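The values are calculated or read from the model by the stated rules, or taken from the named source; none is laboratory data. Treat the numbers as computed from the prediction; the structure is a model and nothing was measured. When we count neighbours, we look across all protein chains shown, and the Cβ atoms used for this are built from the backbone with ideal geometry, even at glycine. When the accessible area is computed, the model is the full protein with side chains, heavy atoms only, and any ligands, DNA or RNA have been set aside. Shrake-Rupley method; radii C 1.70, N 1.55, O 1.52, S 1.80 Å.
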Amino acid sequence: MYMAMYIEAVPNRNSPPAVLLREAYRADGKVKKRTLANLSKWPSDLVEGLRTLLKGGRVVAPETDAVVIRRSLPHGHVAAVLGTARRIGLDRLVAAKASRRRDLVVAMICARLIAPMSKLATAKALDPETATSSLGSVLGLGPVDEDELYAALDELVDRQPAIETALAERHLSDHTLVLYDVTSSYVEGRCCPLAGFGYNRDGKKGKMQIVYGLVCAADGCPVAVEVFEGKTGDPATLGAQIGKLKARFGLTRVVLVGDRGLLTEARLDEEVAPAGLDWITALRAPAIRALAEGGVLQPDLFDQRDLASITASAYTGERLIVCRNPELARERARKRDDLLAASERDLAQVARAVTRRRRPVRGADAIGLRVGAVLNRHKVGKHFDLTITDDRFSFERKEAAIADEARLDGIYVIRT
């Protein structure tokens, strides 16, 4: 005869439900049930323990840890980054055959995206004993140390030309845009042979740096990178990239896109044009001002239109596209007003120091040094008329010049 015991909670109007131990059995071909005990007064944990036993489970004493969590490694971000890398074939791009070195490189790339850190910290994050995510486990790396990571990077440098050529075959072709830009990073220590002093974009005074240029496809996908000495100017890096595009990547004619500090007039004449490349860049501020003063560029036209095509005799054979960014115009106006106000405040302090009764500042040289310090700090000295003598200092804004500059706020001229 079929029988089974179970616990059932029966609603009891406005009172708590009745908890009953019941038995189901089959008699005369029908399933019936009967109540064996009322468990309503039992503690809830005791009821649940009995329910577990009836289902064939095992009850563990409260003082015993039934489940011990020894370690839990985050995995979601690893699955997303590593899955994407494999989907785009990044691992096969690093090396065609599977190897530990390839897995180490892929692990460093993923770790750089997940949590950027030093190679020593990355090794600890991948090692099973000190792992901070499932990355090392998923890749099956086992124990990892920083020397092994550096060795993998050395091998990756040897493969850099092949990797870049493969990327160029995927993302570049003739008659397309090639984007190029340069930046820098400051360097700690004195062991880097490429480190040097140059224009520091990080604002780290007294720090050496390295310069590196990045070549990208039209959609922004990185294709090639090259590192230069820290003292290298941006335009001086251009020749190496043109040679790379022509010789290694086999491109005959592309449109090179770079900013106005990179594609200078000299570089266009001496390197870009002889290579047979087209280009897109922008005019510098003095050239834009010259167009405005010559009447070729009329800023007032941009009240209703943000793009215009113009021609100028100084740029024969080129196409000039004028565009205006209203948000940038407002930001430049705000910044200029703040700098002018700060300069006036500091210059007024110098003027008071010249006219004070006790120990006034005297001598044109001494006054000029203080004024120069203010102008160097705020960089808007061109907007002030200064009068300095041995016992007098005064200043006033050049309102007309400021207004002329404000007319060109937010205006760019793209040349191609």
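Please verify whether the range 283-304 includes one or more residues that are in contact with a Leu (Cβ under 9 Å, 6 or more places away or on another chain), at pLDDT 90 or above, under 20 Å from Thr176 (Cα atoms) and buried (at least 19 other Cβ atoms within 10 Å of the Cβ).
No.
So how many residues does the range 359-402 have that are within 42 Å of the chain's Cα centre (by Cα), outside any helix (DSSP H, G or I) and among the small types (Gly, Ala, Ser)?
Number satisfying all stated conditions: 0.
Please state which of the following conditions Lys97 fails to meet, knowing it meets all the rest: (1) at pLDDT 90 or above; (2) open to solvent by less than 70 Å² (accessible area, probe 1.4 Å); (3) outside any helix (DSSP H, G or I).
In the conditions (1) at pLDDT 90 or above; (2) open to solvent by less than 70 Å² (accessible area, probe 1.4 Å); (3) outside any helix (DSSP H, G or I), Lys97 misses (2) alone.
Sort out which residues of the range 315-337 are closer than 16 Å to Thr281 by Cα and surrounded by fewer than 14 Cβ atoms within 10 Å (Cβ to Cβ), and write them in order of number. Give the steps one after another, and end with the answer.
If we filter the range 315-337 for residues that are closer than 16 Å to Thr281 by Cα, which is where we start, we get 315-324.
Scanning the range 315-337 gives Thr316, Gly317, Glu318, Arg319.
Go through (1) touching a residue at least 12 places away in the same chain (Cβ under 8 Å); (2) within 30 Å of Pro17 (Cα to Cα) one by one and return the number of the condition Arg101 breaks.
(2)
Would you check if Tyr212 is open to solvent by less than 30 Å² (accessible area, probe 1.4 Å), within 23 Å of the chain's Cα centre (by Cα) and touching a residue at least 24 places away in the same chain (Cβ under 8 Å)? Can you show your working first?
Working: open to solvent by less than 30 Å² (accessible area, probe 1.4 Å): no; within 23 Å of the chain's Cα centre (by Cα): yes; touching a residue at least 24 places away in the same chain (Cβ under 8 Å): yes.
Spelling it out, it is not the case that Tyr212 is open to solvent by less than 30 Å² (accessible area, probe 1.4 Å), within 23 Å of the chain's Cα centre (by Cα) and touching a residue at least 24 places away in the same chain (Cβ under 8 Å).
Considering only residues that are surrounded by fewer than 17 Cβ atoms within 10 Å (Cβ to Cβ) and free of Cβ contacts under 8 Å to residues at least 24 places away in the same chain, which ones fall in the range 361-375?
Answer for the range 361-375, where residues must be surrounded by fewer than 17 Cβ atoms within 10 Å (Cβ to Cβ) and free of Cβ contacts under 8 Å to residues at least 24 places away in the same chain: Asp365, Ala366, Gly368, Leu369, Gly372, Ala373.
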